[in-house]
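Contents: one structure, followed by commentary.
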Amino acid sequence: MFPLSQHDAAARKDVDYVTLASFRAALRKFLRASEQIAEGFSITPQQHQMLLVIRGFDGEREPTIGELATRLQVRHNSAVGLINRLSALGLVRRIADKQDRRQVHIVLTAKGHAMLDKLTSAHRSELKVIAPEIHKLLNILNHD
C-alpha cells in the first residue's frame, strides 16, 4: 500500500491524465467545429486560417507570403497555393513592394474582410459554448 503522500501524488497524476485527455478532446471538438464552419462558407479550414493570419498580422505593413508561411508553419509553396486559391475566390490580392519588387505583400479584399467577419462571428459563438469547459479544465491543470 502507498503511504498517503504517494497515494495522493498518484491520484493527482490520474486526475491530470483525465483532465489532459478531456482538454485535448475539447480542443479537438472546437477544431472540428471550426472545420465545419469554414466548409459551411465553401472554403477550406486552411484557407480560413490564412485569412485569419493575414488579418491578424501585427507587422507595420502587410505580410509577405514567406511571413504567412512561417506563421502557418507550412512550406512557402503551400502558402503560395493557398494564396492562389484565395485570390481566385476574390478574397485576397497581391501587392508588389514599392521598395523591393521581389517582395509581394498579401491583403484581404473587401470580400475577404466580409468573409472573415462572418467566420469570426460563427467561431465566437462556438467559443462561447466551449469556453467554460476549457476554462474549467485549465483551472484543474493549473491547480498545484
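The figures follow:
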| item | result |
| --- | --- |
| Some residue of the stretch 27-44 being on the phi > 0 side of the Ramachandran plot, modelled with pLDDT of 95 or more and not in a helix (DSSP H, G or I) | yes |
| Count of residues meeting criterion [in a helix (DSSP H, G or I) and of a type in the set (D, E, K, R)] in the stretch 45-60 | 1 |
| Wholly within the stretch 61-144, helices (runs of 4 or more DSSP H) carrying at least 2 residues that are without any contact (Cβ under 8 Å) to a residue 12 or more places away in the chain and open to solvent by 70 Å² or more (accessible area, probe 1.4 Å) | 76-88, 110-142 |
| Number of positions in the stretch 23-60 that are exposed (fewer than 15 other Cβ atoms within 10 Å of the Cβ) and more than 22 Å from Val107 (Cβ to Cβ) | 10 |
| Any chance Arg71 is of a type in the set (Lys, Arg) and within 23 Å of Lys111 (Cβ to Cβ) | yes |
| Residues located in the stretch 43-72, provided they are among the polar types (S, T, N, Q) and under 24 Å from Ala122 (Cβ atoms) | Thr44, Gln46, Gln47, Gln49 |
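The values are calculated or read from the model by the stated rules, or taken from the named source; none is laboratory data. No experiment lies behind these values; they were computed from the predicted model shown. When we count neighbours, we look across all protein chains shown, and the Cβ atoms used for this are built from the backbone with ideal geometry, even at glycine. Ligands, DNA and RNA are stripped out before the accessible areas are found, and what is left, the full protein with its side chains, is counted by its heavy atoms. Shrake-Rupley method; radii C 1.70, N 1.55, O 1.52, S 1.80 Å.
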